[in-house]
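See below for the structure under consideration.
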Amino acid sequence: MTDTAAKLPEIEHIKARKDGLDVLADIYRYAKLGFDAIEPDDLALFRWYGVYTQRAAESAASGDPGPSEQTDGLFMLRVKFPGGIVSSEQLRSVGSLAERYGRGMGDITTRQNIQLHNLAIEDMPIVLDELNAVGLSFTLACVDGHELIDTRPLVADLERAFVGHREF
């Protein structure tokens, strides 16, 4: 192994063995096999589909209930809304899924996503299929901190230029 390869984070080694986009079929397979059957490498790649482990209840009580390696076997799913656009039908579907499978919980994020919490792997196919049925995606529903283009300043400029100006 080269010095560069040795310095890579573990996820990069996992991605070298299996592309993250190849794990969707595994999510459906694990839904039949159960949480304990999930391979650690596959679990790490679930993120390509917006699926993250959730902190165990005792850890979550002390702070942020975000992704964690300490899990109680439940997941958080990020549903993305590119450009922040969502129809009423799509939002109703997300709300219905949160009620039925997520203990009534969902978070609106600053990343133009809604996060559904407390999802069991066994329910994931139903959740993913229903989201797809209304045109919602969860694929690559994460924002990279090292994005090539940060559009926030452009959006802020447009907001200042147009909102509240009578000529527009």
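Here are the numbers for the structure shown:
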{"read-out": "Ser87 being closer than 15 Å to Ile126 by Cα, loosely packed, with under 15 Cβ neighbours inside 10 Å and out of contact with any Pro (no Cβ under 6 Å at 6 or more places or on another chain)", "value": "no"}
{"read-out": "Matching residues, the stretch 35-79, being at pLDDT below 90, in a loop (DSSP other than H, G, I, E, B) and open to solvent by 60 Å² or more (accessible area, probe 1.4 Å)", "value": "Ala61, Ser62, Asp64, Glu69, Gln70"}
{"read-out": "Residue match in the stretch 93-103 (condition: within 19 Å of the chain's Cα centre (by Cα), assigned to a loop (DSSP other than H, G, I, E, B), modelled with pLDDT of 90 or more and buried (at least 19 other Cβ atoms within 10 Å of the Cβ))", "value": "yes"}
{"read-out": "Residue count, the stretch 109-146 (criterion: closer than 21 Å to Arg92 by Cβ, in a strand (DSSP E or B) and either at pLDDT 90 or above or among the aromatic types (Phe, Trp, Tyr) (or both))", "value": "6"}
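The values are calculated or read from the model by the stated rules, or taken from the named source; none is laboratory data. Quick caveat: nothing in here was measured; it's all calculated off a predicted structure. We place every Cβ from the backbone using ideal geometry, glycine too, and count neighbours over all the protein chains shown. In case anyone asks, the SASA skips ligands and DNA or RNA and just uses the protein heavy atoms, side chains included. Shrake-Rupley method; radii C 1.70, N 1.55, O 1.52, S 1.80 Å.
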